[in-house]
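Heads up, the thing below is written out as structure tokens.
The values are calculated or read from the model by the stated rules, or taken from the named source; none is laboratory data. Note that the coordinates shown come from a computational prediction; the quantities given were computed from them, not determined experimentally. Heads up, the Cβs are rebuilt from the backbone with ideal geometry, glycines too, and the neighbour counts pull from every protein chain shown.
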Amino acid sequence: MMAPPPSPLAFIPFVSVENMMRLVHHFGIEAVLRELTDAIEADYLRWSRFEKAPRLASHSQEGVIELMPTSDGDAYAFKYVNGHPSNTAKGLQTVAAFGLLARVDTGYPLLLTEMTLLTALRTAATSAMVARRLAAADARVMAMIGNGAQAEFQAIAMKAIVGIEEVRLYDIDPAATRKAARNLEGSGIKVVACETSQDAIEGAQIITTCTADKAYATILSDNMVGSGIHINAIGGDCPGKTELHRDILDRATTFVEFEPQTRIEGEIQQMDASYPVTEFWKVLSGEVEGRTDPRQITLFDSVGFAIEDFSALRYLLGKLEGTEFFQQLDIIADPDDPRDLFGMLQRAA
């Protein structure tokens with residue numbers, strides 16, 4: 001007996017890696033980053049509507065696997081993501097991710113998608129969203145310390161949203177710097193490959209750190225950071241992993257996504273519980289000021305938060321309308337009689 005065909009309710013759109021790449025090329029990466037930045041900012045302005053909790057993390061010696069859920073009461077989203085720094089030596093990605101968006105009223109999924117590329121895009125968009133509020137208004141040079149998978153996304157987002165004209169690259173692996181420089185050719189950004197981190201920060205108004213080692217590290221020491229700098233610290237994202245010397249934090253005004261999560265995973269895990277931080281949504285809402293002095297050192301201690309993934313998923317779902325950048329997956333069992341799931345299975349024999 002032939003199985004009955006699935007009903008329309010059984011299908012949800014699925015965005016594969018191939019279709020994600022097609023979508024980004026179709027709309028243009030800078031346009032996608034600008035729109036995604038605005039989508040994340042709009043959700044930050046609705047901060048109080050969201051369920052918020054530190055992500056659920058499973059740690060091992062090799063890395064971490066995490067689930068990142070949130071809901072605004074109408075839609076629910078989660079992302080599965082890992083972080084395994086040793087993967088690159090095996091020819092694997094350090095980060096792999098997928099995510100789902102669903103309706104709260106029925107629990108039915110709305111979208112299933114790859115999120116390795118989408119996470120890179122939303123991380124860069126979040127960095128740029130914060131930098132356009134906290135960095136000096138005339139910031140045109142960024143140092144990029146750590147030239148792995150995230151580097152080019154960060155540089156292009158800072159160009160598109162903040163107006164960066166030059167990026168100075170440094171990585172302990174010169175091959176990574178050559179890769180990033182090659183990929184940024186034709187982007188409209190002046191690229192300077194540097195031999196030391198000290199060289200990279202020369203003349204920079206924004207310093208982005210994005211290294212992968214799961215360890216307490218000192219990518220930036222206190223003497224390297226002058227007044228007026230905005231630091232975009234995105235590499236620290238789990239307990240036992242930092243990039244900045246604590247003396248820098250003592251001098252900086254520090255902004256975070258969700259304080260309870262950042263206390264566990266961010267640069268501020270080095271500091272006492274009384275160390276002052278500001279959740280960035282308060283800057284957007286006008287509750288507190290961001291940069292208040294040209295000589296001020298501002299620090300975005302970013303570990304990534306579920307609301308940013310929620311924004312990315314909702315943005316992506318909207319961009320799919322009228323395109324062919326997805327497949328329909330038969331993923332929901334939908335029997336004619338909702339109480340007769342077994343009968344549906346039996347009739348398929």
Number of the exception - Met21 against (1) part of a helix (DSSP H, G or I); (2) more than 19 Å from the chain's Cα centre (by Cα); (3) surrounded by fewer than 18 Cβ atoms within 10 Å (Cβ to Cβ): (2)
Subset of the range 98-141 [among the small types (Gly, Ala, Ser) and touching a Lys or Arg at 6+ places or on another chain (Cβ under 6 Å)]: Gly99
Check on Val64, more than 30 Å from Asp337 (Cβ to Cβ), in the same structural domain as Leu110 (by TED's automatic domain parsing), buried (at least 19 other Cβ atoms within 10 Å of the Cβ) and modelled with pLDDT under 95: yes
Residue in the range 305-317 that is under 19 Å from the mean Cα position of the chain (by Cα), modelled with pLDDT of 95 or more and part of a loop (DSSP other than H, G, I, E, B) present: yes
Lone qualifier among Gly228, Gly266, Gly235 - being surrounded by fewer than 20 Cβ atoms within 10 Å (Cβ to Cβ), small (Gly, Ala, Ser), within 20 Å of Ala128 (Cα to Cα) and in the same structural domain as Ala151 (by TED's automatic domain parsing): Gly228
Ile164 in a loop (DSSP other than H, G, I, E, B), closer than 16 Å to Arg34 by Cβ and assigned by TED's automatic domain parsing to the domain that holds Ile231: yes
Flag for Asp43 being touching a helix residue (DSSP H, G or I) at 6+ places or on another chain (Cβ under 6 Å), assigned to a helix (DSSP H, G or I) and not aliphatic (A, V, I, L, M): yes
Test for Pro54: is it in a strand (DSSP E or B), surrounded by fewer than 19 Cβ atoms within 10 Å (Cβ to Cβ) and under 16 Å from the mean Cα position of the chain (by Cα): no
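Table: residues versus (1) under 27 Å from Phe280 (Cα atoms); (2) in contact with a Lys or Arg (Cβ under 8 Å, 6 or more places away or on another chain); (3) without any contact (Cβ under 8 Å) to a residue 60 or more places away in the chain.
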| position | (1), (2), (3) |
| --- | --- |
| Ile29 | yes, no, no |
| Ile40 | yes, yes, no |
| Arg55 | yes, no, no |
| Glu62 | no, no, yes |
| Asp74 | yes, yes, yes |
| Phe78 | yes, no, no |
| Asn82 | yes, no, yes |
| Ser86 | no, no, yes |
| Gln93 | no, no, yes |
Residue match in the range 20-37 (condition: over 18 Å from Ala120 (Cα atoms) and touching a helix residue (DSSP H, G or I) at 6+ places or on another chain (Cβ under 7 Å)): no
